[in-house]
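The values are calculated or read from the model by the stated rules, or taken from the named source; none is laboratory data. As the structure is a prediction and not an experimental result, all values here were calculated from the model. Note: ideal-geometry Cβ built from the backbone for every residue, glycine included; neighbour counts use all protein chains shown. Please note that ligands, DNA and RNA were not included when accessible areas were found on the heavy atoms of the full protein model with its side chains. Shrake-Rupley method; radii C 1.70, N 1.55, O 1.52, S 1.80 Å.
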Amino acid sequence: MIVTAYHGTVQRFTAFAPSQSGLHFGSLGQASHRCSMLMARLSPREFEKLPLMTGGQPGYILRAQLEVGRFARVDDLRTNAAWTRAITKARTLGFDALCYRNDFEMPPEEADSWIVFEPAQVLQIDFPFNRLEDIALSAQRSPSSHVI
């Protein structure tokens, strides 16, 4: 199954790295909320370096296509340590992803979030999804060939 989901970040990168606590994605609102929480932790100097994107929001929203084979539905575990334990257990049971009702980022929205276990499960990244429309160079590139 292919799932379209979003990821909020304040860092530029070209690919996801493996993570014991998984690669987290959610709705557009959840990604925006996550981006806001990360921005609050930045120093003023770091914050000033972020580009203003569509709607005036600083930070980056990625839209991704996720390949999900067999997933388990779990509760929102909130901490990296808890996610690491859940992923370890899910792998032993033959799952490659987790799906959960996100209770923390945009709770009134009641949307699912996804955790895939491997970077290879992220098939396509549109980075940044929230780019300014007047950046002609970005608009000319295909989503799979963004230079960031």
Next on the checklist: If DNA, RNA and ligands are ignored and the probe is 1.4 Å, what is the ranking of Tyr6, Tyr100 by accessible area, most exposed first?
Outcome noted: Tyr6, Tyr100
Item to check | Sites Thr88 and Phe47 - FRET efficiency at Förster radius 35 Å, r taken between beta-carbons, to 0.05 | outcome: 0.45
Next on the checklist: Using a 1.4 Å probe on the protein heavy atoms only, what accessible surface does His33 show? Give it in Å² to the nearest 10.
Outcome noted: 60
Checklist outcome for this item: If the chain between Asp112 and Met37 were fully extended at 0.36 nm per residue, the gain over the current Cα-Cα distance would be 25.1 nm
Checklist entry - How would Asp126, Asp75, Asp96 line up by accessible area, probe 1.4 Å, largest first? => result Asp75, Asp96, Asp126
Checklist entry - For the modelled label position 7 Å from the Cα of Thr9 along Cα-to-Cβ, which residues of the stretch 81-120 have backbone nitrogen atoms closer than 13 Å? => result 119-120
